[in-house]
Amino acid sequence: MDNVFDLDSAIRKVPDFPKKGILFYDITSILADPVAFKHCIDSMIDAYRGERIDAVAAIESRGFVFAAPFADRMGIPLILIRKKGKLPGETISRKYQLEYGEAEIEVHEMDVPKGKRVLVVDDLIATGGTLKAATELVVAAGAQVAGIFGVVGLPFLNYRSMLGGVPIKTLIEYHGE
Ligand code: AMP
């Protein structure tokens, strides 16, 4: 990956958001900087050069903004994984645990290409709980998970053990808060 661009300085860090003790890695500062945003999409393209990626599945909502230009540049289908109740067609859904309570995501089953290799994308991988539920949806809909991509990774939250053997790529990792 391109090490020349300083991606770290393009990511705004907001202490104690959304609650005390959390350091929030805010990617809106990447989106507001066209050079940084282009760097991210170029790096995603580079990261998967030579791999067979048939489609990309994006997690609402910040996953959408990175997955959509990637899908466009790769010329592959984009599948939206949304919070429960947003998709009008026939869906399959998965519940997963949050730090407090539970969340549910879903996908249009008909949008997932059966037997194809799908890359699952979010902006940031923390515990990996959201991405695990998303990969389960992709598999339940009849596709294979080709990999997981996050712009930012927080490996100290142990997402690798949560996500098992699926290949994970990130553009930048932070090792503590
Ligand atoms: P998780 O399921 O724990 O991997 O959480 C992933 C989701 O929560 C992603 O969609 C992130 O956007 C968001 N998230 C969790 N922790 C942070 C953080 N420290 N900074 C920014 N976003 C976060």
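Applying the condition of being surrounded by fewer than 17 Cβ atoms within 10 Å (Cβ to Cβ) and among the aliphatic types (A, V, I, L, M) to segment 99-117 and asking which residue is farthest from the chain's Cα centre (by Cα) yields MET110. Number of residues in segment 152-162 that are surrounded by 20 or more Cβ atoms within 10 Å (Cβ to Cβ), in a loop (DSSP other than H, G, I, E, B) and more than 9 Å from the ligand (Cβ to nearest atom) equals 0.
Count of segment 70-98 residues, restricted to those that are open to solvent by 70 Å² or more (accessible area, probe 1.4 Å) and more than 19 Å from the chain's Cα centre (by Cα), is 2.
Selection within segment 118-151: residues that are in contact with a helix residue (DSSP H, G or I) (Cβ under 7 Å, 6 or more places away or on another chain) and open to solvent by 30 Å² or more (accessible area, probe 1.4 Å). The member of this set that is farthest from PHE70 (Cα to Cα) is THR127. For segment 166-176, the count of residues that are at pLDDT below 95, of a type in the set (Phe, Trp, Tyr), open to solvent by 10 Å² or more (accessible area, probe 1.4 Å) and in a loop (DSSP other than H, G, I, E, B) is zero. Could you list, in sequence order, all residues of segment 29-41 that are open to solvent by 90 Å² or more (accessible area, probe 1.4 Å) and either within 22 Å of PHE156 (Cβ to Cβ) or not basic (Lys, Arg) (or both)? Answer for segment 29-41, where residues must be open to solvent by 90 Å² or more (accessible area, probe 1.4 Å) and either within 22 Å of PHE156 (Cβ to Cβ) or not basic (Lys, Arg) (or both): PRO34, VAL35.
Hey, among the residues in segment 13-28 that are over 22 Å from ARG73 (Cβ atoms) and more than 10 Å from the ligand (Cβ to nearest atom), which one's most open to solvent (accessible area, probe 1.4 Å)? Looking at residues that are over 22 Å from ARG73 (Cβ atoms) and more than 10 Å from the ligand (Cβ to nearest atom), I get LYS20. Where strands (runs of 3 or more DSSP E) sit wholly within segment 78-145, those with at least 2 residues that are farther than 26 Å from ILE41 by Cα, of a type in the set (Ser, Thr, Tyr) and free of Cβ contacts under 8 Å to residues at least 40 places away in the same chain occupy 91-97.
Taking PHE149, is it more than 15 Å from the ligand (Cβ to nearest atom) and within 16 Å of the chain's Cα centre (by Cα)? No; evaluated as a whole, the condition is false for this residue. Pairing residues of segment 18-38 that are within 13 Å of LEU124 (Cα to Cα) with residues that are in a helix (DSSP H, G or I), at Cβ distances under 7 Å and at least 6 apart in sequence or on separate chains, gives ILE27/ARG62; ILE30/ALA10; ILE30/ALA36; ILE30/PHE37; ILE30/CYS40.
The values are calculated or read from the model by the stated rules, or taken from the named source; none is laboratory data. Just so it is clear, the model here is predicted, and its values are computed rather than measured. Ideal geometry is used to build each Cβ from the backbone, glycine not excepted, and the neighbour counts take in all protein chains shown. Note: accessible area is taken over every heavy atom of the protein model, side chains too, but ligands, DNA and RNA are not part of it. Shrake-Rupley method; radii C 1.70, N 1.55, O 1.52, S 1.80 Å.
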